[in-house]
Every structure is written in structure tokens, then in C-alpha cells.
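What follows is one structure encoded as C-alpha cells, with my remarks underneath.
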Amino acid sequence: MRRGWSGCGAAVASAALLLLCGTIASAQVSSYGEKEMGPANDRPPSILNGVGIEQHLNTQLPLNLSFTDDAGQQVTLGSYFGSSAVAGKKPAILALVYYQCPMLCSEELNDLVSALEMVRYRPGKDFNIVVVSIDPSEGTDLAAAKKRSYVKRYGRPETAPGWHFLTGTQANIDPLTKAVGFGYVKIPGPDGRLTQFAHASSIQIVTPEGRLAQYYMGVEYSPKDLLLGLNEASADHIGTPVDNIITYCYHYDPKTNTHSLIVARVVQLGGGLTVALLGGFMLVMFRRDFKRDHQAVIGPHGTLRKVNG
């Protein structure tokens, strides 16, 4: 039985290792040449009506819109595009988020940083990163804290001038989200106050003149695609639409709390299924080893044989 158990143990260990590796691999940056999309959701909650991304390729951003940057200075969107662009004409990566988002926004920006670490271009030198809050209640302190956090995460403090975290009024946020095709809905948080937003996740590549050149959906971005998108945008080339499979950010349903419950049950079901599969595999291996050892003891003609060990 020792040899049988060793084989079974090795097989189980291998299966567990493969399962662990698969879990780890799913959390990595997308491989080169892939645009990672969010999971499809055929029946989103009704509160998500109006939430999504419409790809407005080649649309000119409204460059006259006024925002406050992370240093507390008033700037226009045109400060980063066109002839008045900071430090020359560059393409930009545009992200619409809100800084106190409890879920998806941080994942979006974290994975953007992870992908940019593998791109040879540098913020400030080759392109700008423009992050705009969709929450008019957020101010300079939050924006400055987010900038410090992500510049530190990127690990190249000299690129700080290329990172721009903006806040603004509703009157300036609305035309920008409309131009980008970024649909979102304000919803109550657990305390019943309107403090959260249901929204989808994407980043946009923008030409030096301020035209939308490419959309990348979800929260995982291929370094190769980002490099290609920046190259094409710098030459004023407009990309093509990508599959509009949306990753939603939706934290709390004040009426039923069903979304959180569904997520919890999916996680529980996945864990239970994994345990059941491993348990079934172990049972099959034990039965096979028992049968093999039993045959070794009885012998091929029904005669008893002595087995060492």
C-alpha cells in the first residue's frame, strides 16, 4: 500500500498545484497581444440600466472643460492636448473613475500600472495619464493621495509630472462622460446615502489632439496592446471597436442586497465543487490502489502470496 499511497499523494498534490497555478495565473497581467474583457452578464440588475460604455471612436473631447488638478490648480482638459499641451503634444491614457470606489476603480488602475511597467514608454516623456473623478464631491486631497499612491506603485517617481488626477463639478463631468460614452448611475450605499456609483470599467487612448482613438474594456490590459494603441494614437490613427463585454462595478443594492449574496454563493459553489472534485479523485485512486494490492496478495490463480511491506 505504501507505493499506491505515494502515487495517489503525488497525483493529488499535482492536481492541487495545477489548481493553485490556475488561480494565480488568472490574476496576472494579460499576456501580450490580448485585450482582456470583463465577464459577460446577460441579466444585469435593473439598477444598471443606463450603465455601460458606448465606443465613440474619433470623437473630439471637449477641451474647454475646467477641472482641478491634484495640486489644487485650475486646468482645462485642453492643457493635456493640442497646441497648449503640457510639455508638447503627446497621446494620453484617459480613465474615468471615482477615488473612493470600493471595488473596481482600484483594480482598474492597479492593473493599468502593472501593464505600464512592461511598456517601454514612460508617463510624462512619451504620454500622459489623465484620471478624472466622476464624483463631484471628491476634492484635491483625495486626488493628490491617489496620485502619490500610483506613482509609488509604478516605482518611477521621476514620471510624476505625467500623472494627472483631476476633480471637477457636475457641469464639467457630464459633458466629458457623454463624449466618452461612459454611462453610470449614482446609487445609495449601505447607509442609504447617495455615495456610490454603478459604472463599467474601461480606459481610453486619446490622440495628441484630444480624439478618442481606442477603448480597452475590463480591468486587465495587455502591455503590447497599450504600446500599439499609444503608437497609433501618437500618429493620429483611430483604432477599431472592441467587443463591448462589460465589467460592472456595483457594490450594494439598498433594497435586496442580492448582488453581494450572488457573489458570495458563486464563491461558495466554486469552493465546494473544487473539494468535491479532489475528494472524488482521491477516492478513485484509493480504490484502484486497494484493488491492485489485493490482486498482488491473492495471486493470479487464487493462491496466497506473501507481499513485502
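In this rough spin-label picture, where each label sits 7 Å from Cα along the Cβ direction, the Glu54-Glu107 distance is 2.6 nm. Suppose R0 equals 51 Å. What FRET efficiency, 1/(1 + (r/R0)^6) with r the Cβ-Cβ distance, do Arg153 and Leu283 give to the nearest 0.05? Once the sixth-power term is evaluated, E becomes 0.65.
Between Val185 and Asn64, the modelled label-to-label distance comes to 3.3 nm, taking each label 7 Å out from Cα in the direction of the beta carbon. Count Lys and Arg as plus one, Asp and Glu as minus one, and take only other residues whose Cβ is under 9 Å from that of Leu166; the net charge is then -2.
Near Ser234: Cβ cut-off under 9 Å, other residues only, Lys/Arg at +1 and Asp/Glu at -1. The net charge is -1. On the basis of the beta-carbon distance and an R0 of 22 Å, Ser137 and Thr76 show a calculated FRET efficiency of 0.55.
Just so you know, all these numbers are worked out from the coordinates, no wet-lab data involved. Because the structure is predicted, anything quoted here is derived from the model rather than measured. All Cβ positions, even for glycine, are placed from backbone atoms using ideal geometry, and neighbour counts span all protein chains on display.
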